[in-house]
Amino acid sequence: MTVFVYVNTSKQVGDAEHIKVFANQDAAEKWFEENDPEGVAFEYEVLE
């Protein structure tokens, strides 16, 4: 299983808006369309 992670570098570490984790690519793309069209999320493996 993988997730997509977005880091907002304009926010401080620990701020609720600093990191977004998306369950799938569709969720990430929808969020980007509405909130940050220039943003990018990176895919990461979830460790068990």
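Tabulated data for the structure shown
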| item | result |
| --- | --- |
| Any hit, region 9-17, residues being surrounded by 13 or more Cβ atoms within 10 Å (Cβ to Cβ) and at pLDDT 95 or above | no |
| Single match in F4, F32 (criterion: in contact with a helix residue (DSSP H, G or I) (Cβ under 7 Å, 6 or more places away or on another chain), surrounded by 10 or more Cβ atoms within 10 Å (Cβ to Cβ) and not in a loop (DSSP other than H, G, I, E, B)) | F4 |
| Looking only at region 1-30, and only at residues there that are without any contact (Cβ under 8 Å) to a residue 12 or more places away in the chain and polar (S, T, N, Q), the one that is farthest from E48 (Cα to Cα) | S10 |
| Close pairs (8 angstrom Cβ cut-off, 6 or more residues apart or separate chains): acidic (D, E) in region 31-42, in a loop (DSSP other than H, G, I, E, B) and surrounded by 13 or more Cβ atoms within 10 Å (Cβ to Cβ) anywhere | D36/N8 |
| Filtered residues of region 7-23 (kept if within 22 Å of L47 (Cβ to Cβ), in a loop (DSSP other than H, G, I, E, B) and not small (G, A, S)) | V13, H18 |
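The values are calculated or read from the model by the stated rules, or taken from the named source; none is laboratory data. All figures in this text were calculated on a predicted structure; none of them were measured in a lab. In this analysis, Cβ positions are derived from the backbone assuming ideal geometry, glycine residues included, and neighbour counts consider all displayed protein chains.
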